Amino acid sequence: MLIPRERPYLEGLNSYYLHLEKFIEHLQGDIGSGGVHCVSPGLQMLVYFNEQEVISCLVQEKGRDAHFAPSFEIVRGRFYSGSYAISVHQLDQNAIFFWAQMPPFQRAKSALRSTEIPLPDLIFRLRMKQFSGFIEVQVGKKNEGGVLFFNEGERIGGSYTWGKGGMSTSDDDYNSLLGRVQVNEGIFTFGSFVKEDKQA
């Protein structure tokens, strides 16, 4: 499961104290749109919402791929039958539908280091291959970095640990990531979008 890199709007909550529907209603009035991330030892769920509705729900059981839940009721039932650590990510209007409707993806098993290939060179190669997917960038041993998204080789935006909103198209954020990787080394992992219908 891919999670926005920005610092959560809320974190450290426990599902035991929450009524999910009322909590989402409160968030819709408070932040407008975002995602509620629920984590237990064997299950992760992500509920994406905007001001009007719950848009989609992702479910991932341990050791299996994430998939879209057919309905909110399935997630609701699982929420009340387990115990979860809860965090909330605020997402801008331009980001919410991207995250909530992200295609399935296949992660590459191997990773690359910036000592093997500089990030700009890597992105140039991906452009030549008309790559659609993302690069996760971990900066050194620090808990910072970002996710860069691509559509047919073009960089369309990124989610950064120092950013906000979930999908920055700012060259300043991108250049900041490049600078940090040059100073501290970076580790790159990949996910390729799979061209198929949404998984049920």
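Bear in mind these aren't lab numbers, they're just calculated from the coordinates by the rules spelled out. This is a predicted model, so every value here is computed, not measured. Here the Cβ positions follow ideal geometry from the backbone for every residue, glycine too, while neighbour counts run over all protein chains shown.
So the values come out like this:
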| item | result |
| --- | --- |
| Rg/Rh (Cα only; Kirkwood hydrodynamic radius) as it applies to the chain | 0.97 |
| R0 of 22 Å, Cβ-Cβ distance residue 19-residue 40: FRET efficiency to nearest 0.05 | 0.80 |
| Dipole of the stretch 10-100, positive end: most advanced residue of 52, 41, 97 [Cβ charges, Cα centre] | 41 |
| Estimated inter-spin distance, residue 121 and residue 10, nm [label 7 Å along Cα→Cβ] | 4.7 nm |
| GNM top mover of 70, 104, 41 - the chain, alpha-carbon springs below 10 Å | 41 |
| Relative contact order of the chain, defined on C-alpha pairs under 8 angstrom at six or more residues apart (%) | 25 percent |
| Whole-Hz couplings from phi, Karplus 6.51/-1.76/1.60, listed for the stretch 62-77; x for Gly and Pro | 4, x, 10, 6, 6, 8, 6, 6, x, 8, 5, 4, 5, 5, 4, x |
| Rel. contact order, % - alpha carbon contacts under 8 angstrom, at least six apart, the stretch 1-104 | 36 percent |
| Mean shadow area of the stretch 10-100 over all directions, Cα convex hull, nm² | 5.5 nm² |
| Diffusion coefficient, µm² s⁻¹, Stokes-Einstein with Kirkwood Rh over alpha-carbon pairs of the stretch 89-189 at 25 °C and 0.890 mPa s | 176 µm²/s |
| Size of charge dipole - the stretch 45-200 - debye, nearest 20, with Cβ of Lys, Arg +1 and Asp, Glu -1, no other charges | 540 debye |
| Taking N as its residue count, the alpha carbon Rg of the stretch 100-154 over 2.2 N^0.38 Å | 1.19 |
| Cα-centred dipole magnitude for the stretch 1-125, charges only on beta-carbon of K, R (+1) and D, E (-1), debye, nearest 20 | 560 debye |
| Burial order of peptide ranges 110-121, 136-147, 86-97 (average beta-carbon count within 10 Å, highest first) | 86-97, 136-147, 110-121 |
| Partners for residue 195 among lysines (Cα-Cα distance below 17 Å; same-chain residues under 8 apart left out) | 129 |
| Tilt relative to the chain, helix 119-128 - C-alpha long axis, 0 to 90 degrees, to 10 | 80 degrees |
